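The values are calculated or read from the model by the stated rules, or taken from the named source; none is laboratory data. This one's a predicted model, so the numbers in the text were calculated from it and none came from an experiment. Ideal geometry is used to build each Cβ from the backbone, glycine not excepted, and the neighbour counts take in all protein chains shown.
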Amino acid sequence: MEKRERHFVLVHGACHGAWCWYKVATLLRSAGHRVTALDLAAAGANGKRLDELNSISDYYEPLIEFMTSLVTGEKVILVAHSLGGVSVSVAMERFPQKISVAVFVAALMPGPDLNLPTVIQELHQRSPGASMDTQYTFDRGPNNPPTSVIFGPEYLAAMLYQLSPPEDLMLATMLMRPINGENLLKKITVTKEKYGTIRRVYIVCDKDNVLEEDFQRWMIKNNLTDEVKVILGSDHMPMFCKPLELCAYLQEIVESYS
C-alpha cells in the first residue's frame, strides 16, 4: 500500500530559525512528505527586526499567515520545538480544523488549565540563575522584563547543544537572533473547545539541560497528551543530536494520528 504524502510544519524555538530543522526536513522529504519550516518574525531569515515587534502576536504572525493560507480541507502536522510550543498552541486555538495532530518536542506546552505565565514561573523555579553568557537588554529599565535576550556560545554549548555535533553548535552561534523577553510573560488563551479537540503528542528529551525531563513531565501531567514518546540520550536539540530518532517518531505519529 502506497504511503500518503503528509504535510509537516516545523516551528523553531527561541533565538533559532527554520535553519535548525535542516536535517529533519531533509529526512522527511526523502520519505516523501511535504515540509514547511517557518521563520517566525525577527527570527532566522525573516526580514523584520526585533524592535518592529509590538506584541507576542507579531512574533507568531508568520505561522498564523501560513495557516490562513491553507486550502479548505487541508490538514497539517504541527511540530513545535521549545518556545515554538507557544506559537503552535495559538495556532491550534485559531485553526483546529486545519491540524491533524500537534507534536511538542521538548517544547513549552500551555493548555486550557495551564497558562503560560505558570509554565514560565515553574521553569524558572526549577532552573534559577543558569543564564551564563546569555545577553539581556533592558530598554524599559532593570525592574522590568528584558526587551531582548540572546543565547551566548557558552550557554548554547552547555545547556542546549551539549550532546549535539560541534559543527551544528558552531552553526547556531553564527545564526542566533535575539527574542523579546517580555513576551514570555504574556498570557495566551486556549480552550478545551478548540485547542482541546486536537490530538497531541509530547516527545521528551531525557538529557535536556534547559527544559529538564522532570519539567517536561510536569507539563504533561498538568496538560495531558494523547501519547508520550522519549528520545533517549538527547539534549535540548534532538533535530541535531538525534535526527533519525526524531524523524522516525514523527513518521510513527503521522501514521497513527492522521
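This table checks each residue for (1) in contact with a Lys or Arg (Cβ under 8 Å, 6 or more places away or on another chain); (2) at pLDDT below 95; (3) surrounded by fewer than 16 Cβ atoms within 10 Å (Cβ to Cβ); (4) closer than 23 Å to Cys15 by Cβ.
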site	(1), (2), (3), (4)
Ile198	no, no, no, no
Asp208	no, no, no, yes
Glu212	yes, no, no, yes
Leu224	no, no, yes, no
- Task: For region 220-258, enumerate the residues that are in a helix (DSSP H, G or I), more than 18 Å from Asp113 (Cα to Cα) and not hydrophobic (A, V, I, L, M, F, W, C).
- Result: Pro238, Pro243, Glu245, Tyr249, Gln251, Glu252, Glu255, Ser256, Tyr257
- Query: Quick one: in region 143-160, which of the residues that are modelled with pLDDT of 95 or more and in contact with an Asp or Glu (Cβ under 6 Å, 6 or more places away or on another chain) is surrounded by the fewest Cβ atoms within 10 Å (Cβ to Cβ)?
  - Reply: Glu154
- Determine if region 82-92 includes at least one residue that is small (Gly, Ala, Ser), surrounded by fewer than 22 Cβ atoms within 10 Å (Cβ to Cβ) and at pLDDT 95 or above. no
- Task: Identify all residues within region 4-43 that are surrounded by fewer than 20 Cβ atoms within 10 Å (Cβ to Cβ), in contact (Cβ under 8 Å) with a residue 60 or more places away in the chain and in a loop (DSSP other than H, G, I, E, B); write none if there are none.
- Result: Ala31
- Query: Is it true that some residue in region 90-103 is touching a Gly at 6+ places or on another chain (Cβ under 6 Å), under 23 Å from Leu250 (Cα atoms) and not in a loop (DSSP other than H, G, I, E, B)?
  - Reply: no
- Look at Ala106 and say whether it is of a type outside the set (D, E, K, R), touching a residue at least 24 places away in the same chain (Cβ under 8 Å), touching a Cys at 6+ places or on another chain (Cβ under 6 Å) and buried (at least 21 other Cβ atoms within 10 Å of the Cβ). yes
- Query: Can Leu185 be described as of a type outside the set (Gly, Ala, Ser), at pLDDT below 95 and farther than 21 Å from Ser100 by Cβ?
  - Reply: yes
- Say whether the condition of being hydrophobic (A, V, I, L, M, F, W, C), buried (at least 24 other Cβ atoms within 10 Å of the Cβ) and more than 20 Å from Asp168 (Cα to Cα) is met by at least one residue in region 51-70. yes
